[in-house]
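Encoded as structure tokens, the structure appears first; notes follow it.
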Ligand SMILES: *Cc1c(COP(=O)(O)O)cnc(C)c1O
């Protein structure tokens, strides 16, 4: 077994353990294996081990490796977890099955137009900048519930969940709790939160997807 496949198994075991510890069902927490910076050769053993859900943070990088892998394994589900520029919406809609980084009006409008044009409807999440970090993408937490409503009412987009990346130097718990609270206000059910260093905490706060890269593929 490859290192990555072994790591995958260990991470899945930890996800199940944390879910059970807080009386949740392990199958209610999805694992997004984050393969950014890794080439197809490094990703393949994880696919061969049976995993199908992957995350990438750059449209262009993903275009270089995933079309061929998706052709070979049609049941792969690919998530965009990095910032989306409006000139990339066309490519993003064509390639990704889930876009987790809807965070402003202009992108919502561009996605709606492009989804209609391509008749492809990736599932959508709104990214929330829970730490109000200047350099980070995501909508202001105070505007998030209103933005989810506008996505629906103005742009006809159904938002399935919320996503956040807590500040690197802070205790993530309060950020996960805030995301969960906004999701309740906004009436959305799914929460994408938790990475290699904090996914067990995120599960305790209600994560329905965790995004794990280095704990599976190694350091970047
Ligand atoms: C890279 C990345 C991850 C995975 O980070 P690790 O610490 O390697 O698990 C998760 N979410 C986003 C948005 C990322 O860009």
Subject >> Condition check for residue 216: within 13 Å of the ligand (Cβ to nearest atom) and part of a helix (DSSP H, G or I) >> reply: yes
**OP:** Determine which single condition residue 193 fails, assuming it passes every other condition in (1) buried (at least 19 other Cβ atoms within 10 Å of the Cβ); (2) touching a strand residue (DSSP E or B) at 6+ places or on another chain (Cβ under 6 Å).
**Re:** (2)
Original post:
Hey, among the residues in region 196-205 that are buried (at least 19 other Cβ atoms within 10 Å of the Cβ) and in contact (Cβ under 8 Å) with a residue 60 or more places away in the chain, which one's farthest from the ligand (Cβ to nearest atom)?
Top reply: 203
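Just to check your reading of the model, which residue among 84, 69, 78 is crowded, with 16+ Cβ neighbours inside 10 Å and in a helix (DSSP H, G or I)?
Numbers: 84 fails: in a helix (DSSP H, G or I); 78 fails: in a helix (DSSP H, G or I).
After applying the criteria, what remains is 69.
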Original post:
Which one of 104, 184, 152 is more than 30 Å from residue 39 (Cα to Cα), loosely packed, with under 14 Cβ neighbours inside 10 Å and more than 16 Å from the ligand (Cβ to nearest atom)?
Top reply: 184
Subject >> Selection from region 5-61 of residues that are over 30 Å from residue 85 (Cα atoms), touching a helix residue (DSSP H, G or I) at 6+ places or on another chain (Cβ under 6 Å) and either in a helix (DSSP H, G or I) or within 16 Å of the ligand (Cβ to nearest atom) (or both) >> reply: 5, 7, 8, 11, 16, 18, 19, 26, 45
Subject >> Residue ID - nearest to residue 74 (Cα to Cα), chosen from residues in region 27-53 that are loosely packed, with under 15 Cβ neighbours inside 10 Å and free of Cβ contacts under 8 Å to residues at least 60 places away in the same chain >> reply: 52
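Quick one: which of 191, 179 is away from the ligand (no atom under 12 Å from the Cβ), under 17 Å from the mean Cα position of the chain (by Cα), in a helix (DSSP H, G or I) and closer than 23 Å to residue 99 by Cβ? Don't jump to the end; show me each part of the working.
On the way: 191 fails: in a helix (DSSP H, G or I).
Being away from the ligand (no atom under 12 Å from the Cβ), under 17 Å from the mean Cα position of the chain (by Cα), in a helix (DSSP H, G or I) and closer than 23 Å to residue 99 by Cβ holds for just one of 191, 179, which is 179.
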Original post:
So residue 208 clears everything in (1) more than 15 Å from the ligand (Cβ to nearest atom); (2) within 16 Å of the chain's Cα centre (by Cα); (3) farther than 12 Å from residue 130 by Cα except one condition, right? Which one?
Top reply: (1)
Original post:
Among (1) under 18 Å from residue 30 (Cβ atoms); (2) within 17 Å of the chain's Cα centre (by Cα); (3) away from the ligand (no atom under 16 Å from the Cβ), which single condition is residue 73 missing?
Top reply: (2)
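Where a number appears in this text, it was derived from the coordinates with a stated rule and is not lab data. Since this is a predicted model, take the numbers as computed values, not measurements. Reconstructed Cβ throughout: ideal geometry from the backbone, glycine too, with neighbour counts over all protein chains shown.
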